[in-house]
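First the structure, in the form of structure tokens, and then the observations on it.
Just so it is clear, none of the values below were taken in a lab; they were calculated from the coordinates. This structure is a prediction, so every number in the text was calculated from the model and none was measured. Here the Cβ is made from the backbone with ideal geometry for all residues, glycine too, and neighbour counts use every protein chain on show.
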Amino acid sequence: MLVDDHALFREGLREILESDGDIAVVGEAGDSEGAVSAVARTRPDVVLLDVEIPGDEVTETVARMRTSSPDSRIIILSMYDGPQLLTRLLVAGIRGYLLKSVHRHELLAAVHSVHEDASRIVLAVSTHSLAHVESPRSGVLSDKEVEVLQLAAQALSNAQIARRLGVAEATVKRHMRNIFVKLNAVSRIDAVNKAVAASLIQPQSRAEGD
């Protein structure tokens, strides 16, 4: 699956990948909503995802893809080489991060590598980024997800959280779904307990929430 908002770039990627002979492109998308829907529909082995597509923030897009197609291996393509984003995306569950300056043989090798070994992570970034990748604890949740989970820790319902934040209840549900994936949680209480244990949120009582 190819996800990039530039059709010409996707066309070039398709030609490179299909020249390999063992790779078939099953779909394309130009924004996060289209990408999540396409991944859920086609369940691709590998997703090549541009880091700056229109729509949701990239870590949320990754989380939604992993929810709908857990076996798909996601490789990020980016012009940006920075340790903070790399840390967040590794925690979100990507299997590769390649700068767009890589050569075609490096791209093909990365696709084959993550497909053949589900536990392998392929990085083509600067040594500076690798040296400054932070502990996953600090970047496991986005700021909005932390805010939602902090309110959930006060025993507020999705509807109450939505009113507090001024967003749709469906948005809160999506954030909670992403939180469950990132924390490997099976319930709201489990998610809250894991987040508190990892110092991602502060424990609060129901009285404080009221």
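Have a look at Ile23, Ile53, Ile75, Ile16 and point out the one that is closer than 23 Å to Val172 by Cα, of a type in the set (A, V, I, L, M, F, W, C) and touching a residue at least 40 places away in the same chain (Cβ under 8 Å).
Values: Ile23 fails: closer than 23 Å to Val172 by Cα; Ile75 fails: closer than 23 Å to Val172 by Cα; Ile16 fails: closer than 23 Å to Val172 by Cα.
When all the criteria are applied, what remains is Ile53.
Any chance the stretch 7-17 includes a residue that's surrounded by 14 or more Cβ atoms within 10 Å (Cβ to Cβ), among the β-branched types (Val, Ile, Thr), touching a strand residue (DSSP E or B) at 6+ places or on another chain (Cβ under 8 Å) and farther than 17 Å from Pro70 by Cα?
Looking for residues that are surrounded by 14 or more Cβ atoms within 10 Å (Cβ to Cβ), among the β-branched types (Val, Ile, Thr), touching a strand residue (DSSP E or B) at 6+ places or on another chain (Cβ under 8 Å) and farther than 17 Å from Pro70 by Cα, one finds none in the stretch 7-17, hence no.
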